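Taken together, the values in this text are just the output of simple stated rules run on the coordinates, not laboratory data. What you see is a predicted model; the values in this text were computed from it and never measured. Using ideal geometry, Cβ is built from the backbone for each residue, glycine included, and neighbour counts are taken over all protein chains shown.
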Amino acid sequence: MRLIFLGPPGAGKGTQAKLLTERYGIPQLSTGDMLRAAVAQATEVGKRAKAVMDAGQLVSDEIVNEIVSDRIDQPDCAKGFILDGYPRTVPQAVALDGMLAEKGLKLDAVIELKVDEAALVRRMENRVAETVAAGGTARSDDNPEAFRRRLEEYRVKTAPLSEHYARSGRLKTVDGMADVDTVTADIQKILA
Ligand code: AMP
């Protein structure tokens, strides 16, 4: 099972991807998590990505395409994977189509979580409050200024991806405003 989740920041992609990893026994490939790990380890990629991420902008296509291509080759991806936060631009989607074709792999579904933008800022604020209450540290890009920028990047660069996948008949849409269990059930209906 090879899946892509599309949707703006705070739409619930990560939450749903995690639930599906348990159900299908396949990994969640979050480019955001991979980049945050690179930043924490101060790798070359991490050093290049940190300021861009903190500003709420997108890291270059070249960097993320390479990270994803290498990750897909790992043995735990043999049965499939769930892409969360990638692709995020049309050139990334084209690169993904190319790398999958080269590896002899096919996508099973592209699922878009549709959400009302006004709810997203509230969700981000809740995520920060929950993380802090649990003794953790909030993401450095979960602040109003960077979040506004991330939404803008989504509108300009990522929203056109829906059209890319709709044109090839691969796009499925789910109401991401419903509660978590309903969203999960709707996704499972699509995958059944
Ligand atoms: P996320 O955890 O998916 O919200 O991603 C956090 C940040 O990582 C984004 O705001 C970008 O700066 C960067 N990032 C994650 N995935 C990508 C991607 N596919 N393309 C470019 N930048 C990305």
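Relative to the Cα centre, the charge distribution of the chain, modelled as +1 at Lys and Arg Cβ and -1 at Asp and Glu Cβ, gives a dipole magnitude of about 140 debye. Stretching Leu191 away from Val121 to a fully extended chain increases their span by 22.3 nm, per 0.36 nm per residue minus the current alpha-carbon distance. Backbone amide hydrogens, once placed in the peptide plane, bring Arg2 within less than 5 Å of Phe81, Asp108, Ala109, excluding anything fewer than 5 places away on its chain. Working from label points 7 Å from Cα in the Cα-to-Cβ sense, the Arg155 to Thr137 distance is 3.2 nm.
Once you order the gyration tensor axes a ≥ b ≥ c over the Cα atoms, which shape class does the range 113-185 get: rounded for a/c under 1.5, otherwise prolate or oblate by comparing a/b with b/c? Before the final figure, lay out the partial values.
Numbers: a/c = 2.74, a/b = 1.53, b/c = 1.79.
Cα axes put the range 113-185 in the oblate bin.
For the chain, the mean residue ellipticity at 222 nm estimated from helices alone is -17000 deg cm²/dmol, where every DSSP H run of n ≥ 4 contributes -39500 (n - 2.57) and the total is divided by all residues, rounded to the nearest 500.
Whats the longest run of the chain with zero trypsin sites (Lys or Arg not before Pro) that are DSSP loop and have at most 15 other Cβ atoms within 10 Å? Walk me through the numbers before you get to the answer.
Numbers: sites that count: Lys79, Lys106, Arg170.
Longest gap between qualifying sites, sites excluded: 1-78.
With 0.36 nm allotted per residue and the present C-alpha distance subtracted, the Cys77-Val180 stretch has 34.5 nm of extension available.
Under a 5 Å amide H cut-off, with hydrogens placed 1.01 Å from N, Leu171 pairs with Ala166 among residues at least 5 apart or on other chains. Across the range 1-111 the C-alpha pair distances fall into 5 Å bins from zero in the proportions 2, 12, 23, 25, 21, 13, 4, 0 percent. Across Gly136, Gly80, Gly98, mean-square fluctuation computed from a Gaussian network of the chain (C-alpha pairs under 10 Å connected) peaks at Gly136.
For the chain, the membrane-span-like helix rule (DSSP H, alpha carbon extent of at least 15 Å along the helix axis, mean Kyte-Doolittle at least 0.0) picks out 90-103, 180-191; this says nothing about an actual membrane. Taking 15 Å as the cut-off, the amide N atoms of the range 42-67 that come nearer than this to a point 7 Å along the Cα-to-beta-carbon line of Arg148 belong to 55-57. Just checking the listed ones, Ala51, Ala37, Ala118: in the Gaussian network model of the chain with Cα springs under 10 Å, the one fluctuating most is Ala118. Taking all C-alpha pairs of the chain, those more than 24 Å from each other amount to 37 percent. When the chain is treated as a GNM with alpha-carbon contacts under 10 Å, the residue of Val45, Val115, Val64 showing the greatest mean-square fluctuation is Val45. Here each label is just a point 7 Å from Cα along the line to Cβ, and for Asp54 and Lys106 those points are 4.6 nm apart.
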